[in-house]
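One structure is given below, encoded as structure tokens.
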2 protein chains.
Amino acid sequence: MSYKTQMEAARLGIVTPQMRRVAEKERMEADTLRQRLAAGKVVIPCNRQHTALDPHGIGDGLRTKINVNLGVSGDRLDFDLELAKARLAMELGAEAIMDLSCFGHTETFRRQLIDIATAAVGTVPVYDAIGYYQKELPEITAEEFLGIVRKHAADGVDFMTIHAGITRETAARFKKTGRLTNIVSRGGALLFAWMELTGNENPFYEHFDEVLRICAKYDVTISLGDACRPGSIEDATDACQIQELIVLGELVKRAWSQNVQVMVEGPGHMALNEIAANMLLEKKLCHGAPFYVLGPLVTDVAPGYDHITSAIGGAVAAMHGADFLCYVTPAEHLRLPELEDVREGIIAAKIAAHAADIAKNIPGTREWDYQMSTARRNFDWEQMFRLAIDPVKPRQYRTASPPKEEDSCTMCGKLCAVRTVNKILADLETA
Amino acid sequence: MSYKTQMEAARLGIVTPQMRRVAEKERMEADTLRQRLAAGKVVIPCNRQHTALDPHGIGDGLRTKINVNLGVSGDRLDFDLELAKARLAMELGAEAIMDLSCFGHTETFRRQLIDIATAAVGTVPVYDAIGYYQKELPEITAEEFLGIVRKHAADGVDFMTIHAGITRETAARFKKTGRLTNIVSRGGALLFAWMELTGNENPFYEHFDEVLRICAKYDVTISLGDACRPGSIEDATDACQIQELIVLGELVKRAWSQNVQVMVEGPGHMALNEIAANMLLEKKLCHGAPFYVLGPLVTDVAPGYDHITSAIGGAVAAMHGADFLCYVTPAEHLRLPELEDVREGIIAAKIAAHAADIAKNIPGTREWDYQMSTARRNFDWEQMFRLAIDPVKPRQYRTASPPKEEDSCTMCGKLCAVRTVNKILADLETA
């Protein structure tokens, strides 16, 4: 092949098979998509080694995509459960899966996942360092951190979170200004700790050129991690967060100079009225690079329901420019999610993404709603179940509570407004 | 007493005990509240006969309130279940309960509900007409419709939905323009059918002065129903909806001229990008009267999850001016809700209301989040559970999946970001 990355191809004027596939799914001219890739406004995470992938695009003018986090922890080492989550994620239409395993040897699982994944696979290499090298954090060298990136890239990971923005400068600002919930990014906290314990600069920042070389070789999309993601609405849009975003904007340009695809990660906990401004800030400071948000969670007070707090924030974020939503499950802040938590998280994220796509008038989006409402007006229950974002639950609900009349439900029975008006309009037509 | 309604008192410069109580709860000067009541921008639904009531205010600058719908249907005649829903609603802090019973004799239940309700109680009298008179719809007379309003007012109902905006003019426009999902308001559909079957004008519109006399006598707050509430995102912000809203604005002024408290009901299904404009429209066309929204549901495709679609829309609506959110349960469009559906609906609505109040900077709102995030940073699990919007579910989640270390959860274990940074910062302090 005459190109290494999708971005390089796009800049050379080549429409790749991946671009063609994505353009088709997005109902878009392939060359329009190519231009956005060349400009860095769209990414197609697709590691050359990931043969099972059915690629998706993320970015400007495309459907909002969702990511499902999974992976084992030290307390919950059940790889089968995590594989079941991956299968569920694909069944429900998630476009990406991040393996966030953070304990022990995770290589076998990661390879299994990549083997079966039609969705893009992401990782956070820094989580894997302690388990891989079996060393205490401060003993890990900068070169070893890079070694994990090399390993994941060779395994076929499509996108990697690289927390290169929490430099010594960002960390100094954090220590100076203080925050209510400090650093809540797991990778960010590890790197902050490593920098404090060793006195060294962030290895991913210091050796960013080497990170770019690795990513260019396999066409890994960099997802620039936000170590200073606000962990409470109090900390949102503060100096730490914006300082880091400025650095991430600089790194975006460096990635583009090497034809490396890149997106930027964002909040976090954030009041509803701050979201639009934050989307604008990212698009400006990061030169239009796709924005990948975790939430935003619009309040801190709803543990057990953070799929809802983040669906609210995610819908508003995506309407204002976010391109990629990380799902949040009801288990957030409480435990590693179970399978049912994963299902609820995915549905909530899909609702948020779809609601935003309607608002952004993404081609084809409203047709789904039109079909559903047509079925609803016509009391075509089977069609409603088929079209539903979750085809299982609505049928269970209706089956558990059958009405006397088919053209109604047990809420209104004969007083159903749709039924009443259908009858009157039918009478008017025959009159 | 020298006044009949809270609005009359406010206009006479009287600060009533109800105003004092509401002002205290809202951390507001009582006279500021009085002025907003006098101007119609705030209502305090409080029927003189409803002695159990702990009144709440709804409107400009106040905390966003939520309403819980309940009541029996022809398919599901279980009054005990509906009373259990009422108790749950109050336990979870809902400020209002609407009894939407629409089958048979509902008087006994309504009175029981008013006897125990510290929350405001609302009804839609037109639902009750068929069961009360045991007549077919077209046989019910205009005077009989008014009789039901009188009955509910005397029973102590604090606010009533009166669909006076679907006039023959509005109905003609509806028939001419057509809509995907026609009329989905139950009361609106009944009145449309009644008008078509009898050839008469909407009785609540034609005899609106008599409605006002009844409401003034007991201080019933009118909730002007929107018969043309969009039932699909396709129908939102269309001519039918806005035509009716213009009529509702006229009726608001007529209510105020008789010192009758009034609020206006609104959408419905609506794309996320249309919500802000719709809030503005209501506030302008209805002269600043409080806005009570059902949703908005930001997509049609998620039956089984409409508590989430409406939490997204409700949060955005309330941020842009809606004052009162009607909860929506996962059972919407499918069945009469069970108790668990009611719980999920209430929590979702409370999240939406609180998220909006943070955005609107309602006094005291952010303190709750601050306390929660402080507890989270300090790994004070008991305090987190106490403060949680639902104190039950988070504890269940943690208990079902206990971590090895108390200052972590099973998601990250020892890699918990909060734990890591707390340790580093503690080391820095002692260094």
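The values are calculated or read from the model by the stated rules, or taken from the named source; none is laboratory data. Treat the numbers as computed from the prediction; the structure is a model and nothing was measured. Cβ atoms come from the backbone with ideal geometry, glycine included; neighbour counts cover every protein chain shown. When the accessible area is computed, the model is the full protein with side chains, heavy atoms only, and any ligands, DNA or RNA have been set aside. Shrake-Rupley method; radii C 1.70, N 1.55, O 1.52, S 1.80 Å.
Filtering the range A:374-419 to residues that are assigned to a helix (DSSP H, G or I) and of a type in the set (Gly, Ala, Ser) leaves A:375, A:400, A:413, A:417. For the range B:212-243, the set of residues classified as assigned to a helix (DSSP H, G or I), under 19 Å from residue B:159 (Cβ atoms) and in contact (Cβ under 8 Å) with a residue 60 or more places away in the chain consists of B:214, B:215, B:216, B:217, B:218, listed by residue number.
Can you confirm whether residue B:358 is more than 7 Å from every other protein chain (Cβ to nearest Cβ) and either surrounded by 24 or more Cβ atoms within 10 Å (Cβ to Cβ) or modelled with pLDDT under 95 (or both)? For residue B:358, the condition - more than 7 Å from every other protein chain (Cβ to nearest Cβ) and either surrounded by 24 or more Cβ atoms within 10 Å (Cβ to Cβ) or modelled with pLDDT under 95 (or both) - is not met. Here the range A:176-199 is the region considered, the condition is being at the interface with chain B (Cβ under 9 Å from one of its Cβ atoms) and charged (D, E, K, R), and the residue that is nearest to residue A:161 (Cα to Cα) is A:186. When the range B:298-317 is filtered for residues that are facing chain A (nearest Cβ under 9 Å) and either outside any loop (DSSP other than H, G, I, E, B) or on the phi > 0 side of the Ramachandran plot (or both), the ones remaining, listed by number, are B:304, B:307, B:308, B:309, B:311, B:312, B:313, B:314, B:315, B:316.
The set of residues in the range B:226-244 being more than 14 Å from every other protein chain (Cβ to nearest Cβ) and either touching a strand residue (DSSP E or B) at 6+ places or on another chain (Cβ under 6 Å) or surrounded by fewer than 24 Cβ atoms within 10 Å (Cβ to Cβ) (or both) consists of B:239, B:242, B:243. The residue that is farthest from the other protein chains (Cβ to nearest Cβ), among those in the range A:361-403 that are open to solvent by less than 70 Å² (accessible area, probe 1.4 Å) and among the small types (Gly, Ala, Ser), is A:364. The helices (runs of 4 or more DSSP H) located wholly in the range B:166-211 that include 3 or more residues which are assigned by TED's automatic domain parsing to the domain that holds residue B:148 and surrounded by fewer than 16 Cβ atoms within 10 Å (Cβ to Cβ) occupy B:168-177. Which condition from (1) in contact with an Asp or Glu (Cβ under 8 Å, 6 or more places away or on another chain); (2) modelled with pLDDT of 95 or more is the one that residue A:31 breaks? All conditions are met except number (1).
Taken over the range B:212-225, the criterion of being more than 14 Å from chain A (Cβ to nearest Cβ) and crowded, with 17+ Cβ neighbours inside 10 Å is satisfied by B:212, B:214, B:215, B:216, B:218, B:219, B:220, B:221, B:222, B:223, B:224. Considered as a group, the residues in the range A:91-109 that are part of a loop (DSSP other than H, G, I, E, B) and of a type in the set (A, V, I, L, M, F, W, C) include one that is most open to solvent (accessible area, probe 1.4 Å), and that residue is A:103. Comparison of A:255, A:216 shows that the only residue that is under 27 Å from residue A:18 (Cα atoms) and in contact with a Lys or Arg (Cβ under 6 Å, 6 or more places away or on another chain) is A:216.
The single residue among B:429, B:340, B:344 that is closer than 30 Å to residue B:78 by Cα, open to solvent by 60 Å² or more (accessible area, probe 1.4 Å) and assigned to a helix (DSSP H, G or I) turns out to be B:340. Being closer than 30 Å to residue B:18 by Cα, part of a helix (DSSP H, G or I) and at pLDDT 95 or above is a description that applies to residue B:250.
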